[in-house]
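Working notes for the structure below.
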Amino acid sequence: MSGLEDLYREIILDHYRSPRNRGELAVPPAHRTEGFNPLCGDEIVVYVDVEDPSKGADAVITDVKIGGQGCSISQASASMMSAAVKGKTVAEVADLTKAFKAMMSIHESTLEGEDAAPEPDDVPEVSLGDLEALRGVVRFPVRIKCATLSWNTLGQAIEEAATTTA
């Protein structure tokens, strides 16, 4: 195993064992959304506090808390996501989500061991930071839903928060 894979494994285990932003926020003003993966039983609860959702893409995610239970991949991904999005605008979170999901997408050439297929032009260039540790998940397609569950739930929470206050 390479040193980089060891580092990535340690990052994932650290976020699983000591999740960031674990807990609950008062509802309202925060918005609570649940996500569930019926294939494996992973459950995620995302609490998101969006400052003035009427600002649309310029609204700021002032706080995020996560809860739930599941495999190390789903829980570590939720922890990393919560740390990555706090303090960002809805537009920045949308770009980060798009970049993360692009990293999680399966390309046949990647699975066959060839060079990775080029990413689509519409994927924003953003730094994924610790989220890069989850890159190896694409080698296990059944686990991709584990890694993206919290991101899908966050997106739903932001949409619901915007429509609730509209």
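Readers should treat all values here as calculations from the given coordinates under stated rules, not as data from a laboratory. Here the structure is a predicted model, which is why all the values come from computation and not from measurement. FYI the Cβ positions are ideal-geometry reconstructions off the backbone, even for glycines, and counts take in every protein chain you see.
Counted by neighbouring Cβ atoms within 10 Å, the residues Phe100, Phe36 run from fewest to most as Phe36, Phe100. Label-to-label distance for Lys101 and Cys40 is 1.9 nm, based on points extended 7 Å past Cα in the beta-carbon direction. Counting only DSSP beta bridges with both residues in the chain, what percent are antiparallel, rounded to the nearest 5? The antiparallel proportion sits near 95 percent. Over the chain, dividing the summed -39,500 (n - 2.57) contributions of all DSSP H runs of at least 4 residues by the number of residues returns a 222 nm mean residue ellipticity of -13500 deg cm²/dmol. Across the chain, C-alpha contacts under 8 Å between residues 6 or more apart give a mean separation that, scaled by the residue count, equals a relative contact order of 29 percent.
Under a model in which nothing but the beta-carbon of Lys, Arg (+1) and Asp, Glu (-1) is charged, the chain shows a dipole of about 600 debye around its Cα centre. Relative to the 2.2 N^0.38 Å rule of thumb, the chain has a C-alpha radius of gyration ratio of 1.03.
For the pair Asp122 and Ser2, a Förster radius of 30 Å applied to the C-beta separation gives a FRET efficiency near 0.45, rounded to the nearest 0.05. Computed extension length for Ala57-Lys88: 10.1 nm, one decimal, from 0.36 nm per residue of separation with the Cα-Cα distance subtracted.
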